[in-house]
Amino acid sequence: MSNRHQRRASLAAYRQSVGQSLLTWLLPPDTMIGVPVLDDAAHAWLHYLPTVAPSRTCICCRTLMHHRQAVGGLLLSVPALTSHLASVSAVCTKRWTEASIEEIEAATERTLSVVIPHGRLERRKAW
Ligand SMILES: [Zn+2]
């Protein structure tokens, strides 16, 4: 559970740890990556989804997501230089199934621009 002040403080800490590079994943919510910080962050994000305030919104269309079934995909990120902090956002089920990958990537870049202004996604091989 976190309030707005705590979220701002954690965003500031996250931004400070990032430097200029994040590693990101866009994947269905039940996918296990095998990286504990990411799997734990995704699990916690989904677990607290019904009770977190303010409610979580889709990064594409801003639809409120109050339950696990509303989440089509998760956007996970970790700073490239450290891996003890993770960020989680989500795409709703409707956009996950109907939006183009370009729309989802544009929403991803907008979302992560609070951490890296004007940052751009670069494709890398999956681990
Ligand atoms: Zn949406």
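Electrostatic bookkeeping for L22 treats Lys and Arg as +1 and Asp and Glu as -1; over the other residues with beta carbon under 12 Å from its beta carbon, the sum is +1. Using only the Cα atoms of the chain, each taken as one equal point scatterer with no solvent, compute I(q) by the Debye sum, divide by I(0), and report log10 of the ratio at q = 0.20 Å⁻¹. Log10 of I(q)/I(0), two decimals: -1.31.
Per the Debye formula on identical point scatterers at the alpha carbon atoms of segment 62-127, with no solvent, log10 I(q)/I(0) at q = 0.15, 0.23 Å⁻¹ is -0.54, -1.16. Mean residue ellipticity, 222 nm, helices only, the chain: the sum of -39500 (n - 2.57) across DSSP H runs of n ≥ 4, divided by residue count and rounded to 500, is -11000 deg cm²/dmol. In a reduced charge model with +1 at each Lys and Arg Cβ and -1 at each Asp and Glu Cβ, segment 72-118 shows a dipole moment near 180 debye about its Cα centre.
No lab work stands behind these numbers, since they all come straight from the coordinates. Keep in mind the model is a prediction, meaning the values are calculated, not measured. Glycine gets a Cβ as well: all are built from the backbone with ideal geometry, and neighbour counts include every protein chain shown.
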